[in-house]
2 protein chains.
Amino acid sequence: MWALPNFPMVEPGDDLAAMIVESANAAGIIVEDGDLLVIAQKIVSKAENRYVYLNKVDVSDEANRLAAEVGKDPRLVQLILSESKEVVRKRTGVLVVEHRCGYVHANAGIDRSNITSDAKDPRVLLLPENPDQSAARLRLTLRERTGVTLAVIINDSSGRAWRMGTTGIAIGCAGIIPLMDLVGQKDLFGRRLEVTQVAVADELAAAASFLMGQADEATPVILIRGAPYQRSEKGSGSLIRPKGDDLFR
Amino acid sequence: MWALPNFPMVEPGDDLAAMIVESANAAGIIVEDGDLLVIAQKIVSKAENRYVYLNKVDVSDEANRLAAEVGKDPRLVQLILSESKEVVRKRTGVLVVEHRCGYVHANAGIDRSNITSDAKDPRVLLLPENPDQSAARLRLTLRERTGVTLAVIINDSSGRAWRMGTTGIAIGCAGIIPLMDLVGQKDLFGRRLEVTQVAVADELAAAASFLMGQADEATPVILIRGAPYQRSEKGSGSLIRPKGDDLFR
């Protein structure tokens with residue numbers, strides 16, 4: 001695993017694929033077929049200009065009520081609601097929702113850190129419109145530019161039930177089967193495995209998240225070589241547990 | 001990250017530290033100060049002889065009732081209850097409990113796969129009695145044998161709320177701060193970070209879990225070099241969210 005060093009600041013409209021290839025090459029890393037890139041959600045959102053200026057948000061009555069209830073900025077609450085299917089849990093300072101894309105996420109993944117924010121006109125950063133599509137586009141562009149086929153995971157930090165702290169999860173992917181199904185495989189003694197599905201994309205997202213760190217935006221791209229993943233053209237949807245099957249919703 | 005190759009089968013009473021050093025050396029890997037070992041729970045439990053023969057389990061009325069309700073072997077349910085503080089969720093085929101050590105875990109982490117199990121006298125494998133102590137002991141023994149100070153994480157596969165599939169988590173550790181507290185740190189633009197705690201031990205446990213795979217017991221030990229973790233003499237307790245603070249219990 002390498003953290004691509006000296007990755008430049010990303011601005012709206014930037015060509016992420018070009019920046020990734022340049023950063024890798026500058027570090028003497030030539031991407032190879034099968035390499036896996038884990039890319040921080042934040043730089044994908046920035047390149048896609050998912051900024052919203054809080055002063056331009058029209059706040060609904062519902063958002064005003066909820067903001068008063070949980071003690072958050074009503075404009076931020078409006079954006080969280082707009083980005084979500086439903087509120088899963090709320091408490092003072094806490095708003096856990098089901099994001100449009102299905103993740104259960106605090107604040108719909110809307111980020112206020114590491115964002116240049118003028119005090120008079122603060123802005124926040126939403127998740128990419130469609131992280132799977134973002135990953136697929138990046139993968140295609142990288143294939144055009146480099147001639148090799150990579151897998152791409154877009155990761156984000158996410159809180160969990162039961163356990164303290166965030167870990168990296170895959171909010172989008174391309175070129176990798178994110179949920180490995182071991183159904184029917186036998187273990188070393190021929191017994192059918194009880195654990196049948198492994199969220200490999202989340203495990204790789206977590207590994208990359210560790211290397212990225214949290215307060216240092218200089219390494220938002222991690223290259224993983226030699227990871228024995230299975231290739232696929234599908235996205236990350238299989239990682240979402242259907243609400244009806246979820247004992248913890 | 002290296003998966004120590006050709007790791008031998010582990011039997012009760014085996015000297016895991018010796019097996020780790022031998023496997024590493026046989027692969028040409030000399031452990032260095034600061035290296036981090038992630039060790040599969042299963043081999044720690046085996047070395048500590050945490051096997052229980054199901055035919056020797058005395059089943060309580062409570063376990064019999066619960067077994068009928070969820071459709072599991074009453075002897076297994078008895079062991080799950082004995083290893084747990086409380087049942088968190090139950091449904092046919094599913095028993096999610098709070099383990100003695102605080103993890104919310106399906107079946108209290110009791111494992112029936114990859115265990116040589118005579119059909120007439122089946123046995124299962126419990127989690128280590130105290131995984132933090134197991135990690136600390138291994139770390140001390142490895143320090144005595146090699147002269148270098150390592151960190152040790154014991155990992156297990158765990159299901160999650162909201163998301164499909166298991167990921168590796170740290171059920172015990174020694175020599176590493178498992179939950180990195182970023183409170184007070186500033187991001188690149190001097191703004192206080194909103195995300196303040198990162199479960200780095202879980203991220204490293206997940207990374208190792210990916211390399212270990214699920215159906216192949218030949219690589220239950222992963223060595224990680226160059227991981228920028230913070231050293232500590234504390235265990236993994238800070239990763240457990242107190243029940244009263246958990247919105248999903």
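Quick notes
- Taking every residue in A:166-174 and counting other chain Cβ atoms within 10 Å of its Cβ, the average works out to 4.
- Estimated at 0.36 nm per residue, the fully extended path between B:Ser82 and B:Tyr51 surpasses their Cα-Cα distance by 9.8 nm.
- Using C-alpha pairs below 8 Å separated by at least 6 residues, the relative contact order for chain A is 24 percent.
- Percent antiparallel among DSSP beta bridges (both partners in the protein assembly as shown, rounded to 5): 85 percent
- Listed residues B:Ala63, B:Ala205, B:Ala108, most fluctuating in chain B (Gaussian network, C-alpha, under 10 Å): B:Ala63
- Span from the region B:229-244 Cα centroid across to the region A:10-39 one, whole angstrom: 35 Å
- Multiplying the residue separation of A:Thr141 and A:Leu247 by 0.36 nm and subtracting their alpha-carbon distance yields 34.2 nm.
- Here A:Arg91 yields copy-to-copy label distances, from shortest upward, of 2.3 nm, the label point defined as 7 Å from Cα along Cα to C-beta.
- Among B:Gly175, B:Gly226, B:Gly102: highest mean-square fluctuation, GNM of chain B, C-alpha pairs under 10 Å: B:Gly226
- For A:Gln230, the label point sits 7 Å beyond Cα toward Cβ; its separations from the matching points on the remaining copies run 4.0 nm, from shortest to longest.
- Estimated translational D of chain B in µm²/s (Stokes, Kirkwood radius over Cα pairs; 25 °C; 0.890 mPa s): 128 µm²/s
- The A:Asp33 and A:Glu129 beta-carbon pair, evaluated with R₀ = 22 Å, returns a calculated FRET efficiency of approximately 0.15.
- Counting Cβ atoms of other protein chains within 10 Å of each Cβ in B:238-248 and taking the mean gives 4.
- Helices in chain B, meaning DSSP H runs of at least 4 residues, each add -39500 (n - 2.57). Divided by all residues, the mean residue ellipticity at 222 nm is -8000 deg cm²/dmol.
- Peptide B:150-163 is shielded by partner chain Cβ atoms: per residue, an average of 5 of them sit within 10 Å of its Cβ.
No value in this document is a laboratory result; all are computed from the given coordinates. For clarity, every value in this text was computed on a predicted model and none was experimentally measured. A quick note on method: Cβ atoms are made from the backbone with ideal geometry, for glycine too, and the neighbour counts reach across all protein chains shown.
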